[in-house]
Amino acid sequence: MRKGAPSYLSNQMPRTFAPKPGYAVRFWRKKGLCSPPRASVLDLVACKAPCYLEGLPPPTQGRVALADSRQFDLLELGGPYTWVVTSPPYFGMRTYVPDQWLRHWFTGGNPEVQYGYRGQLATAALDSFVQGLRQVWTNVAKACAPGARLVVRFGVLPSAPIKCRPEDLFRETLRGTPWQLQEVRPAGTAAWGRRQALQFLGEKAKALW
């Protein structure tokens, strides 16, 4: 799990995947990672400090909201927008909120993993899933300028209750909304750029842009 001298004071979470606390602890115990190696705190700080003390990053504009995209007035955050980049829950993903526990916590949610599905976009029933995303796309369009571009990473889990092509399903979610599909590109699998996360994942879902 580590090459060279220790560079952190605790086990690292994968950069692209936030395993739930209980699962992470079980994984560490199974791999014998609960007995940390001896590390020099002073050496570690001396190694890391220059990167953080050289200067503050340039200021950027941005706001974060914990809200339901089917109903939230996106113009409260700014706009009108010319680009929207998003990735809704893949069809068949019932654990969207629990899987996003870290982001949920950082945006004001409960620090404990929430396993309920109340208020979550329905991803088990095909009709409900399609209707929910149509509401999202329609609501997003209200906050966009004419000619705006919507970029979506979209997929279907192998465990989805109904087998369907991601492209066909995505087209269906756009039906009756102000958006027109211009281009579809394969996005590969979740494995691309997720070397660390692969230690925790099983079968991979294919996605498209």
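Brief remarks follow.
- Some residue of region 9-28 being among the basic types (Lys, Arg) and in a helix (DSSP H, G or I): yes
- Restricting the first member to region 143-171 and to residues that are closer than 15 Å to Gly92 by Cα and of a type in the set (S, T, N, Q), and the second to residues that are at pLDDT below 90 and surrounded by 12 or more Cβ atoms within 10 Å (Cβ to Cβ), the beta-carbon pairs closer than 6 Å and six or more apart or on different chains are Ser159/Gly92.
- Some residue of region 174-190 being modelled with pLDDT of 85 or more, among the hydroxyl-bearing types (Ser, Thr, Tyr) and surrounded by 13 or more Cβ atoms within 10 Å (Cβ to Cβ): yes
- Being closer than 22 Å to Leu157 by Cα, exposed (fewer than 15 other Cβ atoms within 10 Å of the Cβ) and either among the aromatic types (Phe, Trp, Tyr) or within 17 Å of the chain's Cα centre (by Cα) (or both) holds for only one residue in Tyr90, Tyr52, Tyr115, and it is Tyr115.
- Selection within region 69-87 - surrounded by 13 or more Cβ atoms within 10 Å (Cβ to Cβ) and assigned to a loop (DSSP other than H, G, I, E, B): Ser69, Arg70, Phe72, Gly79, Ser87
The values are calculated or read from the model by the stated rules, or taken from the named source; none is laboratory data. Worth saying up front: this structure is predicted, and the values here are computed from it rather than measured. A quick note on method: Cβ atoms are made from the backbone with ideal geometry, for glycine too, and the neighbour counts reach across all protein chains shown.
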